[in-house]
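Peer 1: I'd like to ask you about the structure that follows.
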Amino acid sequence: MFHIKYIFVFLSAFVYGNVIATERVPHTTIANGLKSISRAWFAEPTERYPHGVLGDAIEAGSLFVELDSGMVLNYRIPDESVFEDLYPRIADIDQNGEEEVWVVRSDRSNGARLEAYVPNDNSLSFLYATEPIGRGFRWLNPVGIADFNGDGNLEVAYVQTPHIGGILKVVALKGSKLVTIAQGTGFSTHSIGSTHLDLAAIADVDNDGAVEIILPNQSHRELVVISLQKNTLVERWRTSTEKIHSQLKIIEVNGRFTLTYRGYNEDQHSVIIPDL
Ligand SMILES: [Ca+2]
Ligand SMILES: [Ca+2]
Ligand SMILES: [Ca+2]
Ligand SMILES: [Ca+2]
């Protein structure tokens, strides 16, 4: 099987052209799926959207998805927009058994929105999008896709404009539309110019079936645990920290949750969340 898959990958690269399929966008990484999607990544670097908040002003013009079968699909976005992102996220928000690929797309008129694409026959199709921010050169950083309110359906959370008064938004699928069901200000999950997007974590910290969001405040010197209760974001706990640089993670050991992160001296720090 390994050899067959390898051959498919080689043929796909040949069909789509070696330059496009293998030209990685700087700082980007490959995402791995669990079900129908094997991998997803960005390609076709472009400088047509000179925002430059993710480490350089080179963004992606194209999304590639490799299916479990080895088939490689491509979605090239129109000239005016880019994928202003460093890696796709693979989830199944509508829980139909088919994974979607979630990416941040931006343009000069409307700034960023979060979009989902799905494999459809021999191509990638656009499926869902959040409302765009509505102003060019405004970015958002995804937090995660999970059941944040405990109703059995999945929602998507992200921080809009993390550099300028970050707004945490939780968005739910209503039919085929993504609708904001809760939001709150005072958060930030990114430093301007950084290639680290990993300043938020999610876990059901109080074990009630609804997933909490853990993220820094605007100064990155506090961590806040947020629950979504009756479509309202409720602060459950807050603690002072070293200024957080990257790699915020949450781990559970015997029912107790510990947050770990890297500070600006690259030291590893950790903090235990008390019983909530
Ligand atoms: Ca870039
Ligand atoms: Ca799906
Ligand atoms: Ca839910
Ligand atoms: Ca919970």
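Peer 1: Which whole-Hz couplings ³J(HN,Hα) result when phi for each residue of region 148-153 is put into the Karplus expression 6.51 cos²θ - 1.76 cosθ + 1.60, θ = phi - 60°, listed in order with x for Gly and Pro?
Peer 2: Whole-Hz 3J(HN,Hα) from phi for region 148-153: 7, 10, x, 8, x, 9.
Peer 1: I would also like to ask the following. Could you give me the ³J(HN,Hα) list for region 183-196, computed from phi with Karplus coefficients 6.51, -1.76, 1.60 and θ = phi - 60°, whole Hz, x at Gly and Pro?
Peer 2: After applying 6.51 cos²θ - 1.76 cosθ + 1.60, I find 7, x, 9, x, 10, 7, 10, 6, 9, 4, x, 7, 9, 9 Hz.
Peer 1: Right, next: Mind checking which of Ile226, Thr241, His269 is farthest towards the positive end of region 169-276's charge dipole, using Cβ charges of +1 (Lys, Arg) and -1 (Asp, Glu) about the Cα centre?
Peer 2: Result: Ile226.
Peer 1: In degrees, nearest 10, range 0 to 90: what is the angle between the Cα axis of helix 2-16 and the longest Cα principal axis of the chain?
Peer 2: Its long axis makes an angle of about 70 degrees.
Peer 1: Springs between alpha-carbon pairs under 10 angstrom, Gaussian network model over the chain: which of Pro142, Pro50, Pro132 fluctuates most?
Peer 2: Pro50
Peer 1: Still on this structure, I have one more. Arg76 versus Asp56, label points 7 Å from Cα toward the beta carbon: distance in nm?
Peer 2: Result: 2.1 nm between the two label points.
Peer 1: Charges on Cβ only, +1 for Lys and Arg, -1 for Asp and Glu, centred on the Cα centroid of region 60-173; of Val101, Ser81, Leu63, which one is farthest towards the dipole's positive end?
Peer 2: Ser81
Peer 1: Now for a different question. Mind sorting Val170, Val72 by how few other Cβ atoms lie within 10 Å of their own Cβ, fewest first?
Peer 2: Fewest to most other Cβ atoms nearby, the residues stand as Val72, Val170.
Peer 1: Taking region 175-264 as the region of interest, what is the percent of Cα-Cα pairs per 5 angstrom bin, listed from the shortest bin to the one with the maximum distance?
Peer 2: 3, 13, 23, 23, 18, 13, 5, 2, 0
Peer 1: May I ask you to list the GluC sites (Glu not before Pro) in region 92-201 that are in a DSSP loop and have at most 15 other Cβ atoms within 10 Å of their Cβ? Intermediate values should be presented prior to the final figure.
Peer 2: Details: sites: Glu98, Glu99, Glu100, Glu115, Glu155; in loops: Glu98, Glu99.
The qualifying sites are Glu98.
Peer 1: Give me the Å³ per residue figure for the convex hull around the C-alpha atoms of region 27-113.
Peer 2: 92 Å³
Peer 1: I would also like to ask the following. Mind listing the long-range amide H neighbours of Leu124? Cut-off is under 5 Å, sequence gap 5 or more, other chains count too, H placed in the peptide plane at 1.01 Å from N.
Peer 2: Residues meeting the amide H criterion: Asn74.
Peer 1: Step through the residues of region 106-111 one at a time and calculate ³J(HN,Hα) from phi using the Karplus curve (6.51 cos²θ - 1.76 cosθ + 1.60, θ = phi - 60°), rounding each to whole Hz and writing x for Gly and Pro.
Peer 2: 9, 9, 5, 8, 10, x
Peer 1: Can you give me the long-range amide H partners of Ala182? Hydrogens built in the peptide plane at 1.01 Å from N, cutoff under 5 Å, separation of 5 or more residues or another chain.
Peer 2: Residues meeting the amide H criterion: Val170.
Peer 1: Normalised by the residues of the chain, what does the relative contact order come to in percent, with Cα pairs under 8 Å and at least six apart? All intermediate terms of the calculation are to be shown ahead of the outcome.
Peer 2: Working: 708 pairs, mean separation 27.1, N = 276.
It rounds to 10 percent for the chain.
Peer 1: Here's a follow-up. For the modelled label position 7 Å from the Cα of Thr29 along Cα-to-Cβ, which residues of region 40-70 have backbone nitrogen atoms closer than 14 Å?
Peer 2: Hits in region 40-70 for Thr29 at 14 Å: 40-42.
Peer 1: Another one. Once both labels are modelled 7 Å past Cα along the beta-carbon direction, what's the Glu98-Ser194 spacing in nm?
Peer 2: Each label point lies 7 Å from its Cα, and together they span 3.7 nm.
Peer 1: Averaged over every viewing direction, what's the projected area of the C-alpha convex hull for the chain? Give it in nm², one decimal, please.
Peer 2: With every direction weighted equally, the projected area is 15.1 nm².
Peer 1: Between Leu276 and Lys177, what length comes free when the chain is fully extended (0.36 nm per residue of separation minus the Cα-Cα distance, one decimal in nm)? Please report the intermediate quantities before stating the final value.
Peer 2: Values: separation 99, 0.36 × 99 = 35.64 nm, distance 3.34 nm.
Fully extending the segment from Leu276 to Lys177 adds 32.3 nm.
Peer 1: Here's something else I'd like to know. Below 19 Å, Cα to Cα, which lysines can Lys169 reach? Residues fewer than 8 away in the same chain don't count.
Peer 2: Lys177, Lys230
Peer 1: Related question: Among His27, Ile167, Ala203, pick out the residue whose Cα is farthest towards the positive end of the charge dipole of the chain, where Lys and Arg carry +1 and Asp and Glu carry -1 on C-beta, about the Cα centre.
Peer 2: Looking along the dipole axis, the top candidate is Ile167.
Peer 1: Not counting the cut sites, what is the longest span of the chain without trypsin sites (Lys or Arg not before Pro) that DSSP labels loop and that have at most 16 other Cβ atoms within 10 Å? Kindly include the intermediate steps, with their values, before the conclusion.
Peer 2: Details: sites that count: Lys35, Arg48, Arg108, Arg135, Arg221, Lys230, Lys243.
Within the chain, the longest run free of exposed trypsin sites (Lys or Arg not before Pro) spans 136-220.
Peer 1: Can you give me the C-alpha center-to-center distance between region 211-235 and region 93-172, rounded to a whole angstrom?
Peer 2: Distance between centres, Cα-based: 18 Å.
Peer 1: How big is the dipole moment of the chain about its Cα centre under a simple scheme where the beta carbon of each Lys and Arg is +1, that of each Asp and Glu is -1, and everything else is neutral? Debye, nearest 20, please.
Peer 2: Details: 23 positive and 35 negative charges, 90 e Å.
The calculated dipole for the chain is roughly 440 debye.
Peer 1: Given that compact globular proteins tend to follow 2.2 N^0.38 Å, what is the ratio of the alpha-carbon Rg of region 54-207 to that value?
Peer 2: The reported ratio for this selection is 1.03.
Peer 1: While we're on this one: Suppose we keep just the DSSP beta bridges with both residues in the chain; what percent of those would be antiparallel, to 5?
Peer 2: Given both bridge residues lie in the chain, the antiparallel proportion sits at roughly 100 percent.
Peer 1: Let me ask something else. Compute the normalised compactness of region 123-177: alpha-carbon radius of gyration over 2.2 N^0.38 Å, N being the residue count.
Peer 2: Scaled against compact globular proteins, the figure is 1.26.
Read-outs: derived from the displayed coordinates by stated rules, not from any lab. If you're wondering where the values come from, they're calculated on a predicted model, not measured in any experiment. We place every Cβ from the backbone using ideal geometry, glycine too, and count neighbours over all the protein chains shown.
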